Amino acid sequence: MQHRKHVAIVVGGAVAAAGLSAVALTASAQASPAHTGAAKVAAAADAVTRVQGVKPTVVLVHGAWADAAGWTPVVERLQAAGYPVVAPPNPLRGLSTDAAYINSVLRQIKGPIILVGHSYGGAVITNAVMGDSNVKALVYIAAFAPAQGDSLASLNAMPQASQIPPVPAVPSSFPEPDGTTGTELTIDPAKYPTVFLDNRLPRAQEQALAVEQRPLSLASATQPSGVPAWQTIPSWYMVAKQDDAIAPNLERFMAARAHAHTVEVDGPHLIMATDPGAVTALIEKAAGATAR
């Protein structure tokens, strides 16, 4: 039996250190049209907004090696507090196209929006606003907050990122729409509980999250970011102090560069799974600070 080779990479699928050649930065892909799915999730938020009216819609964007269900404990708390919530699927196929998809969701939501990103989702929300004046605040949860020209790969090459070892991932191939072959990365399920959760959840739950993870295309980590939304929109940032996927020192650097209102919380990379109350509180703080 032929075994797949494990590859040491930097988090977010940056540059594979073994078995994959270095990948040059790719040009940003053109945004694809809004999908029917985007319209459906936005319509659901709009329906809730019309009923509840007063509070902003909170849009939760998940990162790599996860899915929208990872936000469930936060969604439950926000909804109990009366917030309309949308947790759209992040395609994880490329930064420019992922941002365009999330922008299509935002454009179909009426009223003010609090835009939240976790992990790679932070890079997506940084690029997804695209002049949408309804977005009143950005909230980064243990997330990438790139400046213009940054990629996940370049951020993870910074000295601040050396605090933790590269994230081990398994590369595999997938067909691109143009007929070429792309590379996507998945965290080794055996190591997922340690890297993402610091072994803080029940074993069965950790194993389920490990096998449910969605892969990240290598292009998502190498495409350069555009003009960051945090330059003009107030931002909040949560540093996960025991993060083994994005170095806490790198999180602190990005938060300070964005002039974000920053809190530090004891917990791993998937902090919304281990401390959803703290994550919800930061989102509510951003909503309250930007309310008219």
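Any residue in the range 95-109 that is buried (at least 24 other Cβ atoms within 10 Å of the Cβ) and part of a strand (DSSP E or B)? No - not one qualifying residue is present in the range 95-109. The residues of the range 197-218 that are in contact with a strand residue (DSSP E or B) (Cβ under 7 Å, 6 or more places away or on another chain) and either open to solvent by 40 Å² or more (accessible area, probe 1.4 Å) or in a helix (DSSP H, G or I) (or both) amount to a single one, LEU218. In the range 192-221, the residues that are free of Cβ contacts under 8 Å to residues at least 60 places away in the same chain and under 22 Å from GLN242 (Cα atoms) reach residues that are polar (S, T, N, Q) and assigned to a helix (DSSP H, G or I) with C-beta atoms within less than 8 angstrom, at least six apart or across chains, in these pairs: PRO193/GLN207.
Residues are listed down the side, and each one gets a yes or a no for (1) hydrophobic (A, V, I, L, M, F, W, C); (2) in a helix (DSSP H, G or I); (3) in contact (Cβ under 8 Å) with a residue 60 or more places away in the chain; (4) over 23 Å from PRO73 (Cβ atoms):
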position: GLU251; (1), (2), (3), (4): no, yes, yes, no
position: ALA256; (1), (2), (3), (4): yes, yes, no, yes
position: HIS259; (1), (2), (3), (4): no, no, no, yes
position: GLU264; (1), (2), (3), (4): no, no, no, no
position: GLY267; (1), (2), (3), (4): no, no, yes, no
position: MET272; (1), (2), (3), (4): yes, yes, yes, no
position: GLY277; (1), (2), (3), (4): no, yes, yes, no
position: ILE283; (1), (2), (3), (4): yes, yes, yes, no
position: ALA287; (1), (2), (3), (4): yes, yes, yes, no
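Residue count for the range 117-168 under the criterion of being within 18 Å of SER235 (Cβ to Cβ) and not in a helix (DSSP H, G or I): the result is 24. The numbered conditions (1) acidic (Asp, Glu); (2) buried (at least 23 other Cβ atoms within 10 Å of the Cβ); (3) assigned to a strand (DSSP E or B) are all true for ASP243 except (3).
The set of residues from the range 219-240 being more than 18 Å from SER151 (Cα to Cα) and open to solvent by less than 70 Å² (accessible area, probe 1.4 Å) comprises ILE233, PRO234, SER235, TRP236, TYR237, MET238, VAL239, ALA240.
The values are calculated or read from the model by the stated rules, or taken from the named source; none is laboratory data. Predicted model only: the values in this text are computed from it and were never measured. Neighbour counts are summed over all protein chains in view; Cβ atoms, including those assigned to glycine, are modelled from backbone coordinates with ideal geometry. The accessibility values were calculated without ligands, DNA or RNA, using every heavy atom of the protein model including side chains. Shrake-Rupley method; radii C 1.70, N 1.55, O 1.52, S 1.80 Å.
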